[in-house]
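This report refers to the structure that appears directly beneath it.
The values are calculated or read from the model by the stated rules, or taken from the named source; none is laboratory data. Note that the coordinates shown come from a computational prediction; the quantities given were computed from them, not determined experimentally. Reconstructed Cβ throughout: ideal geometry from the backbone, glycine too, with neighbour counts over all protein chains shown. Areas reflect the complete protein model, heavy atoms only, side chains present, ligands, DNA and RNA absent. Shrake-Rupley method; radii C 1.70, N 1.55, O 1.52, S 1.80 Å.
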Amino acid sequence: MAEFKLAYKKVIELEYGNDPNKFLHLNKHEDGYTLGGIYQKWNKEAIDWDFIDRIITMCRGDISLASNLLYWDKDLHMQVYTAFEYKYWKRHRLGEIKSQLIAEEIIISLVNIGNKAIRFAQQILGISDDGIVGNITLKELNSFDEKKFSELFDIKEIENYNNIIKANPLMAINLTGWLNRSKAV
């Protein structure tokens, strides 16, 4: 069965590359900070954002300095780890997938585009795309060729990112990162 710890290493590499300067950042066109890949707007309870705000204030608004300080806080790393494990891995039953490759494709995409990732997987499998990983989805994922799945999933991701940019050209600033993410596994 797929292992969360292995997938988590790939996720954080994509999110901040274990770089203290990138642990905390504020993306253009977003309403809130991202800490270790966990976006404040959608994860208000998962991370101690009040503590982070106090550190930013202490650093006089210098996000890079705050990021460096926060990076060394083990409690924050545990909060990030736990958020990824429960919100993405366990909630979507990714540990029940036999293929580490398929599970990693899905979690990397889930972090960025949410339930669309599950729908894309279900579309590839040719089953109802309800966005819920149930027994049928698991059965099909566990019997599908992992290399073929990975290739088809990458195509879906790239189509999605191109559609986002088509609808909002200002988002083109994210294209390189999105393409790197889609090709990471």
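What the table below lists for this structure:
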read-out: Subset of segment 114-149 [crowded, with 17+ Cβ neighbours inside 10 Å and among the β-branched types (Val, Ile, Thr)]; value: Ile118, Ile124, Val133, Thr137
read-out: Asp19 open to solvent by 20 Å² or more (accessible area, probe 1.4 Å), within 28 Å of Phe153 (Cβ to Cβ) and not polar (S, T, N, Q); value: yes
read-out: Residue ID - farthest from the chain's Cα centre (by Cα), chosen from residues in segment 58-88 that are hydroxyl-bearing (Ser, Thr, Tyr) and farther than 12 Å from Gly36 by Cα; value: Ser64
read-out: Hey, Glu30 assigned to a loop (DSSP other than H, G, I, E, B), open to solvent by 30 Å² or more (accessible area, probe 1.4 Å) and farther than 21 Å from Ala172 by Cα or not; value: no
read-out: Any hit, segment 171-182, residues being assigned to a helix (DSSP H, G or I), open to solvent by 50 Å² or more (accessible area, probe 1.4 Å) and out of contact with any helix residue (DSSP H, G or I) (no Cβ under 9 Å at 6 or more places or on another chain); value: yes
read-out: Any hit, segment 84-91, residues being open to solvent by less than 40 Å² (accessible area, probe 1.4 Å), part of a loop (DSSP other than H, G, I, E, B) and over 22 Å from Tyr161 (Cβ atoms); value: no
read-out: Residue selected from segment 111-156 under the condition modelled with pLDDT under 95 and assigned to a helix (DSSP H, G or I), by the criterion nearest to the chain's Cα centre (by Cα); value: Val111
read-out: One residue from Leu6, Leu76 being open to solvent by 50 Å² or more (accessible area, probe 1.4 Å) and part of a helix (DSSP H, G or I); value: Leu6
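Residues checked against (1) under 30 Å from Lys147 (Cβ atoms); (2) surrounded by fewer than 20 Cβ atoms within 10 Å (Cβ to Cβ); (3) modelled with pLDDT of 95 or more; (4) charged (D, E, K, R):
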{"position": "Leu35", "(1), (2), (3), (4)": "no, no, yes, no"}
{"position": "Cys59", "(1), (2), (3), (4)": "no, yes, yes, no"}
{"position": "Leu69", "(1), (2), (3), (4)": "no, yes, yes, no"}
{"position": "Arg93", "(1), (2), (3), (4)": "yes, yes, yes, yes"}
{"position": "Leu101", "(1), (2), (3), (4)": "yes, yes, yes, no"}
